[in-house]
Structure formats: structure tokens, C-alpha cells
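The values are calculated or read from the model by the stated rules, or taken from the named source; none is laboratory data. Quantities reported herein were computed from a predicted structural model and do not represent experimental measurements. Cβ: placed from backbone, ideal geometry, glycine included. Neighbour counts: every protein chain shown. Surface areas here come from the heavy atoms of the whole protein model, side chains and all, with no ligands, DNA or RNA. Shrake-Rupley method; radii C 1.70, N 1.55, O 1.52, S 1.80 Å.
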Amino acid sequence: MTAELGIVLALLAAAVAMFAIGRPRMDAVALIMMAALPLTGIITVEEAVAGFSDPNILLIAALFVIGEGLVRTGVAQRLGDWLVARAGRSEARLIALLMLIVAGIGSFMSSTGVVAIFIPIVLRVARNAEIAPGRLMMPLSMAALISGMMTLVATAPNLVVNAELVRRGFDGFNFFSFTPFGIPILALAILYMLFARRWLAGEHAAHGAGRPRPRLADWIAEYALAEREHRLRVPERSPLVGRTLSDLDLRATSGVNIIAIERSTPFASRFVRPMAATVLQAGDVLFIDLVERTVDIEAVVRRFGLERLPMSGTYFSDRSQDIGMAQLMVPAASRLIGRTVVEARFRTEYDLAVVGLKRGAAAQAGPLRDEKLGVGDTLLVVGPWKAVRRLQSDWKDLVVLDLPAELEEVVPEPSRAPQAVLSLVVAVGLMATGAVPNFQAALIGCLLMGLLGCIDLTSAYRSIHWQTIVLIVGMLPFSIALQKTGGVDLAAGALLAFGGGASPHLVLAAVFAATAGLSLFISNTATAVLMAPVAMATAGALGASPYPFAMIVALAASAAFMTPVSSPVNALVVGPGNYRFQDFVRIGVPFAAVAMAASILLVPVLLPF
């Protein structure tokens, strides 16, 4: 061992130690190593920062943007809702479905890309199912890594190994040569995660969690809003057609308050703000709140020739993408003190309707229109989310006490979902066919998202998880340093010497262990580049077929479960899952052993020596 190699290994050990104790943050450790390695003279500054121009790093950033486009248009929400609907309240069924879907999609596109796209989906699923994100993020990363064992194009190491076979004059693997190995390992992974999930989302995952936000259902119960809501359609023969809301004054004349108006368009329906000048049209659907419980809704229906429609959620909670709520307090300096709810002109001033009032801890049961507002009164208002958000900038007359959890789930561009799916399909299609490099395909997808209005530049920049990018870029220089100092060649030579007199099964195990171990410190693609010729040379020394040895290198390169820096896939889920270094060691090392045992058993059977 040379002195230079000793220095690199010492720095690597220091980085691993800091990762293990969790101080400083992992991205800070990566920055320290990026600064330290050039000081040794082993690599240059240009080589230390070369990761920032690495197409794979830029690909990850671009895929974060595509994932955000899917979130902003509601595609991620719909997929998450489908997952929850199929899994119900069963965490086990949810983990199994998630891993199957991610492994299936990852078989035809970048596993890193799949994780970047699925992170917001999994976060929403976890929130809706009331499951800690950390219990789902590790299954996500594990399934994405295993997707690399499914098809020839699923991950770069497979292509590297295949190219080495062809270079040596052998026939390459076909598209589904990897599938018979990937499916059993995926099945084992699902069973393993159902058992190992108990070790995830411990106390450190919940640390710092504050009081959960109230949900719309909480306020509906607290203010007794249930059964006050109705949906009424305005038919062509109704006397309301063509009249403005100010002319009708339905609150005063009929005791009903229009919360929102749903209007059909040629391609979809949209919500119209119920302003004084709003003209009602045939086919409009009115979302009605009864000002008093004594109001006879049937009389209102008969009087205006309306049609009743069924309700699918308590007090419009099924329309939480369009109709929002907020709890407000009247401060001491408010101009609204002494005014009634009607005199305060909430609809005109704030584009909101007051549907509940509390003094102290008790909600007022009677009609609110003539109640005079006092200091400390708590108001429940309902209306468009944009109006709810605007309240946060008006602190003189009203103070926002609480915003519901549903605010975080509101989709800014729901009408752009088809365009987002189109952009994703174009990007994935370009990647799968190899028509352009993966980064270029992802960049085209990003540009399409922006061009079609799915995402804006501000959201795009904000969506990139810079902590993950810095972590990956900061650890890449170790790959260069280990190759320049001969560390990789030293390990490969030792394996070649070991293969001289051992049994083929034992050598397969040694090749798997060496490949998986090497991928802890350099990228799995670089590991495949180095280990594929070594494994095939070992097969030649044994007089064995090169195919089982080539396959074992490819499978081991995808078995990067053991640390958060083993693969960009793991690095991506560190932040969202609130994981520590030890979490990957505790969960990943045992399953890496399981994957190795399964591979050593399966490979000689399907690809004989």
C-alpha cells in the first residue's frame, strides 16, 4: 500500500465515522471531503468539483423538477390516492404495493429518476395514511435498487457488464435475462421490509414534530356544520338564470349563503367566485350553506326551480382542492369590532364567508348575521384557497389562528395534469429508447413541463433537494482518488489471486462481496467497469462460463443497500425519511446478505458454470 492510498483510506474512514455519528450533517461531511482531497495533491480541484458537471447529477436535479410538476398538477396525488385506496389502512399492503409499482416502473427507466418522482407521492401517502414517512422511504429506495435487477436497460451496470461480454466475443444478455433473478429478490425484499419496518421511524424520526394541524373534518365537527350544506343545480328554466348575485341577495331573502359555484366548460369544470356581479348561468352548481338550520331547503328549491344533487363529503370536504377554510381571531385594534358579520362585508372585502363563530371555547349555535364582533372572537371562514392565503398578509383587522392540513395538499395547477403526464411519457420514452442521453431526455421533460404551464421557474428551483445533490457530488471524488492511488486495482488483484483454487460457488460469493463492498466507496457503474473484467478473468482461470460471473457482478452492483452513500437512490431518501447512517446499516446489511445468498443459489441454476 502506498502512502497516498493510505491518506485516501484515512479520509474515507473519517467520512464514514462522521456519517455514523451523524455529526456534522452528511452534506457538510461531503463538502469537507471535497475540500480536503485536493489538499492532499492526489486529485485536482477540477476533479474534486467535476461532479457538478456530471450528467447523472444533472439528471437527478432534472428529475426532481419533473416530480414537482407531477405534484403541482395533481398526478402524484391521484397515484397516491390510488395506492391508499388499494391498500386501505394496511401498512403492510401499502409497502407491498409501493415496492411492486416502483420496481416495475424502474425496470424501464432510471431507478434514481423513479425515486425522485415517487418521493412526493410517498410523502402524501404517508400523510394521508398517518404513517411516518420513514416507514415507506426505505422500501421505496430498496425497490428502486432491485428494479436494476429486472431488465437489461434498468441500470447502467447491466449495460457495462453486457458490453464486456460482447467485447470478449460472447453473446450479450437479452432484455429479460435479469428478470428471473430480480423477481425472487423483490419478493424476498417485500417480505423482509414487512418484518424490518419495526426498526424504522424510531424516536429520532419523530423528534421535533410539533402540534399537528387541524383538518377540515375537525372544524366541521367543532362548529356543527354537518347537514347545513347542499348542492343545487340551476336548470335552464330557473328564474335565477341571467341574474346577478347582488340582485338576488339570497342570504337576506332566502337564508342561504352561496359558498362556491361550479361551472362546466367544454373540457372540464371550474369553480367561479360568488361575487356580487357574478351572473348565474344554466347548468351552474351552487354550493349552499344554510344561514339558519330552520331554513326550509325544499322551499328554496321549489321557489327557484332548482335541482338537488347528492353530497359525497361532509360540508364540501370532498372538494378540499377548491374550497378552503381558516380560523381567524379579531384583534384589539381591528376595525371590525362592534360590526355585525354582514356589516363587515366579508364577501366583498375578503372573498370569504363566515360560517362559524366562537366566544371562548364554545361555538355559537344561532344565526350569525346579526352577531356583533368583539375582541378575541374566533371566526371560521370558508372560500377559495387563494383568498385564505391572502389573509396571512392582513394582520391588522384579522389574525390567522389556524390553517388546515389540507392547505398543504392543494394542487396549484389541477387542469394541467394531462400535460404533466405527456411530459413524463416523453421523457421516459426518450430514456427507454435511448434516442438521446438520459439527462437530455429529463431536461426535455422539464422544459415541456414549463412550456405547458405545469411548473414555473421558482417552483422548479425550489423543488431540487440541494442537500442530496451536494452529498452525492461531494463523495464522487473518492472514486477518482481510489483509482489514481491503485486502491481499486489492489482489491481486484486480491480477488483474482483468491479465485485460483477455490470452488466456483465460493468464488461467486467472493465476487458478489467484493463488488458490493467496492460500491460502498465508488459508484456502482464504476464498480461494474472495474469488476466485470476481473470476474470474467476469474471465470477463465476456473475454466467456467463467463455468464454466471457477469450476472453476479451486475446483481451485486444493484445491491447497494448498506449505506446512504452507496447509491444516489439511498441518498435521495435520507432527508424525506429523516434517516441516520445507522438506519441503512441496520436495514441494508442483513438484506444485502439475503440478496447475496439468493443470487449465489439462483445464478448457477439458471446460468450453469
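Counting pairs of alpha carbon atoms under 8 Å apart in space and at least six apart in sequence, what relative contact order in percent does the range 30-102 give? Could you put the intermediate results ahead of the total?
On the way: 21 pairs, mean separation 9.2, N = 73.
About 13 percent, as a whole number.
Which value results when the Cα radius of gyration for the range 1-148 is divided by 2.2 N^0.38 Å?
Values: Rg = 19.3 Å, N = 148, 2.2 N^0.38 = 14.7 Å.
Computed over Cα atoms of the range 1-148, the ratio equals 1.32.
Can you list the residues, at least 5 places off or on another chain, whose amide H is less than 5 Å from the amide H of Arg243, using H built in the peptide plane?
Correct list: Leu280.
Roughly how many Å is it from the Cα centre of the range 386-455 to that of the range 279-314, as a whole number?
Rounded to whole Å, the Cα centres lie 34 Å apart.
Nearest 0.05, what FRET efficiency do Asp218 and Ala187 give at R0 = 35 Å with Cβ-Cβ as r?
Numbers: r = 41 Å, r/R0 = 1.17.
The pair Asp218/Ala187 has a calculated efficiency of 0.30.
Each residue of the range 401-414 in turn: what ³J(HN,Hα) in whole Hz from Karplus with 6.51, -1.76, 1.60 and θ = phi - 60°, glycine and Pro shown as x?
After applying 6.51 cos²θ - 1.76 cosθ + 1.60, I find 8, 8, 10, x, 4, 5, 4, 6, 9, 5, 8, x, 10, x Hz.
List the trypsin sites (Lys or Arg not before Pro) in the range 343-418 that DSSP assigns to loop (not H, G, I, E or B) and whose Cβ has at most 14 other Cβ atoms within 10 Å. Which are they?
Arg345, Lys396
How high is the FRET efficiency between Ala494 and Ser90 when r is their beta carbon distance and R₀ equals 41 Å, given to the nearest 0.05?
My answer for the efficiency is 0.30.
What full-extension length gain, to one decimal in nm, is calculated for Arg168 and Ala252 as 0.36 nm per residue of separation minus the Cα-Cα distance? Kindly include the intermediate steps, with their values, before the conclusion.
Numbers: separation 84, 0.36 × 84 = 30.24 nm, distance 8.72 nm.
Length gained, Arg168 through Ala252: 21.5 nm.
From the helices alone, meaning DSSP H stretches of at least four residues, give me the mean residue ellipticity at 222 nm for the chain, per-run term -39500 (n - 2.57), in deg cm²/dmol to the nearest 500.
-17500 deg cm²/dmol
Return the equivalent ellipsoid semi-axes of the range 524-609 as a descending list in whole Å, where each equals the square root of 5 times an eigenvalue of the C-alpha gyration tensor.
Taking √(5λ) for each Cα gyration eigenvalue gives 30, 14, 8 Å.
If you roll a 1.4 Å probe over the chain with all protein chains in place, what percent of the accessible area is carbon or sulfur?
Carbon and sulfur: 61 percent of the exposed surface of the chain.
Pop a pseudo-label 7 angstrom from the Cα along the beta-carbon direction at both Thr40 and Ala332 and give the gap in nm to one decimal.
Those two pseudo-labels are separated by 6.4 nm.
Cα centroids of the range 1-76 and the range 338-374: how far apart, whole angstrom?
Comparing the Cα centres of the range 1-76 and the range 338-374, I get a distance of 56 Å.
P(r) of the range 288-379 in 5 Å steps, Cα pairs, percent per bin?
Each 5 Å bin holds this share of Cα pairs: 2, 11, 18, 21, 18, 15, 8, 4, 1, 0.
With the crude spin-label approximation of a point 7 Å out along Cα→Cβ, what separation in nm comes out for Ala50 versus Gln281?
The modelled label-to-label distance comes out at 6.1 nm.
Go through the range 215-324 and name the trypsin sites (Lys or Arg not before Pro) that are in a DSSP coil and have 11 or fewer other Cβ atoms within 10 Å of their Cβ.
Counting only loop positions with at most 11 other Cβ atoms within 10 Å, the trypsin sites (Lys or Arg not before Pro) in the range 215-324 are Arg237.
With a Förster radius of 25 Å, plug the Cβ-Cβ distance of Arg237 and Leu309 into 1/(1 + (r/R0)^6) and report the FRET value to the nearest 0.05.
The formula returns an efficiency of 0.90 here.
Across the range 178-194, in residue order, what do the Karplus-derived ³J(HN,Hα) couplings come to in whole Hz, using 6.51 cos²θ - 1.76 cosθ + 1.60 with θ = phi - 60° and x for Gly and Pro?
So the J values, rounded to whole Hz, are 7, 4, x, 8, x, 5, x, 5, 5, 4, 5, 5, 4, 4, 5, 5, 5.
Å³ per residue of the Cα convex hull, for the range 355-474?
In the range 355-474, the Cα hull volume divided by residue count equals 187 Å³.
So which lysines pass the test for Lys358, namely a Cα distance under 25 Å, with those fewer than 8 places away in the same chain ruled out?
Lys372, Lys386, Lys396
Quick check: residue separation of Thr433 and Thr340 times 0.36 nm, minus the Cα distance between them. What number comes out in nm?
Details: separation 93, 0.36 × 93 = 33.48 nm, distance 6.59 nm.
Result for the pair: 26.9 nm of gain on full extension.
May I ask you to list the GluC sites (Glu not before Pro) in the range 288-359 that are in a DSSP loop and have at most 14 other Cβ atoms within 10 Å of their Cβ?
Glu292, Glu343
When the C-alpha atoms of the range 353-420 are aligned to their principal axes, what extent does each axis show, in angstrom, from largest down?
49, 26, 20
Would you mind checking which residues have amide H under 5 Å from Gly313's amide H? H placed 1.01 Å from N; only 5 or more apart, or other chain.
Distant-sequence amide H within range of Gly313: Asp318.
So the label point goes 7 Å from the Cα of Lys386 along Cα→C-beta, right? Which residues of the range 400-421 then have their backbone N under 17 Å from it?
Once the point is set 7 Å along Cα→Cβ of Lys386, 410-416 turn out to lie under 17 Å by backbone N, inside the range 400-421.
Which whole-number percentage describes the relative contact order of the chain, with Cα contacts under 8 Å and a sequence gap of 6 or more?
Across the chain, relative contact order equals 20 percent.
I'd like the Karplus ³J(HN,Hα) series for the range 323-332: coefficients 6.51, -1.76, 1.60, θ = phi - 60°, whole numbers in Hz, and an x wherever there's a Gly or Pro.
Karplus values, whole Hz, x for Gly and Pro: 10, x, 9, 7, 9, 10, 10, 8, x, 5.
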